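These notes concern the structure reproduced below.
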Amino acid sequence: MSTHQLRLDPLTGRWVVVSEMRRYRPSAIALSSETFPSDPARPCPFCPGNEEETPPALETYGPTGSWRLRVVPNLYPAFQGEEPMVSISHGPVFTQAPASGIHEVMVLSPDHGLTWAQLQSDQTNLIMSAIRDRIEAHSHSKAIRYSQVIVNQGRDAGASMAHPHAQLMGISFVPRELSDEQGGFSRFVGGCLICNTIALEESLGERLLESGSDAVSIAPYWSASPFELLIAPRDHGAHLHLSGQSALFGVGQLIARSLAILREKVGPIAYNVVFHSSPYRAFGNFHWHAHVYPKVTTRAGFELGTGVPINVVSPEVAIQVLAGERGGQEVAG
Ligand code: AMP
Ligand code: ZN
Ligand code: ZN
């Protein structure tokens, strides 16, 4: 039976349209590409041997003389400096504040041609440890209230560099997506929204991708886009950087496995990974997690006009495809 309904995202409080019917329009799905065209005339600044092309590293991991992972300041930062968050109004309409903060690039591997889906499991553990270290460093800055960690893979997902990398932005305000999620956790009655979601999805099974000993990967009931995944540690904790190693590594391993499954069953498509952890000095309930957003469709007029997404692949169908019970071509072909 085809799904055609509104579903409420309890994290953000937003409605989502899940409409399998819309998928049968011609060209409803346009698979993107994880690759990024390289320009041979411009050597990659993130490759070994080109370390001078980036600002000096903030952290380097790996044996002396070589490296397995590097964190460098972003050469073109969106957030910079330590000015406190003070907004200034120039008349009744124009309000501004300094874009203070930290903007870093994490080079995920020395190997230019790999994506996170293809990295060895000890490299994924290193990525998670490095994220924890950097976020912990950000947490000591009084000017920073929240850090956003992201991975953009493929030009269609907003990447401007081919080499596998993440970005970490420490910013002076709590962005809307996070304050919406904080609202979702406080509205939820009966414990933690994510702990409850994990327990329910494990008992139902139809939206469960993987159930690990330390973390779980699901296609959320309220998925706003095809093949969207939510990966969360079993251990309840608000802050990624205060989390134990088993939770950190557990989430990292499930992200890598989910990306590998997506690649195998749907194709080498572009995607974004975003981490959500509680803002630093917030005391409300929160359960840190990661979202994986494969790039399969484009936001069109209705989405832009209303802010209401239309998802043409229900999470139940997405899991059937990812579990190999249904061909990816049938849905995404
Ligand atoms: P993305 O746009 O997701 O591909 O992230 C790549 C980031 O690397 C961008 O935010 C760029 O500003 C940054 N970047 C590009 N070249 C360099 C460089 N040579 N050193 C440091 N950061 C760079
Ligand atoms: Zn490279
Ligand atoms: Zn979230």
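What the table shows:
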quantity: Odd one out for SER258, checked against (1) more than 27 Å from VAL174 (Cα to Cα); (2) among the polar types (S, T, N, Q); (3) out of contact with any strand residue (DSSP E or B) (no Cβ under 7 Å at 6 or more places or on another chain); calculated: (3)
quantity: Residue satisfying all of: in the stretch 59-95; open to solvent by 100 Å² or more (accessible area, probe 1.4 Å) and hydroxyl-bearing (Ser, Thr, Tyr); nearest to ligand 3 (Cβ to nearest atom) among these; calculated: TYR76
quantity: Qualifying residue in the stretch 113-126 (condition: surrounded by 15 or more Cβ atoms within 10 Å (Cβ to Cβ) and closer than 30 Å to GLY13 by Cα); calculated: no
quantity: Selection within the stretch 221-251 - open to solvent by less than 30 Å² (accessible area, probe 1.4 Å), outside any helix (DSSP H, G or I) and touching a Lys or Arg at 6+ places or on another chain (Cβ under 7 Å); calculated: TRP222
quantity: Listing of strands (runs of 3 or more DSSP E) fully contained in the stretch 1-71 that carry 3 or more residues being farther than 30 Å from ASN125 by Cα; calculated: 4-9, 14-19
quantity: The stretch 3-44, residues that are in contact (Cβ under 8 Å) with a residue 60 or more places away in the chain and within 16 Å of ligand 2 (Cβ to nearest atom); calculated: GLU34, THR35, PHE36, PRO37, SER38, CYS44
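The values are calculated or read from the model by the stated rules, or taken from the named source; none is laboratory data. Treat the numbers as computed from the prediction; the structure is a model and nothing was measured. We place every Cβ from the backbone using ideal geometry, glycine too, and count neighbours over all the protein chains shown. Ligands, DNA and RNA are stripped out before the accessible areas are found, and what is left, the full protein with its side chains, is counted by its heavy atoms. Shrake-Rupley method; radii C 1.70, N 1.55, O 1.52, S 1.80 Å.
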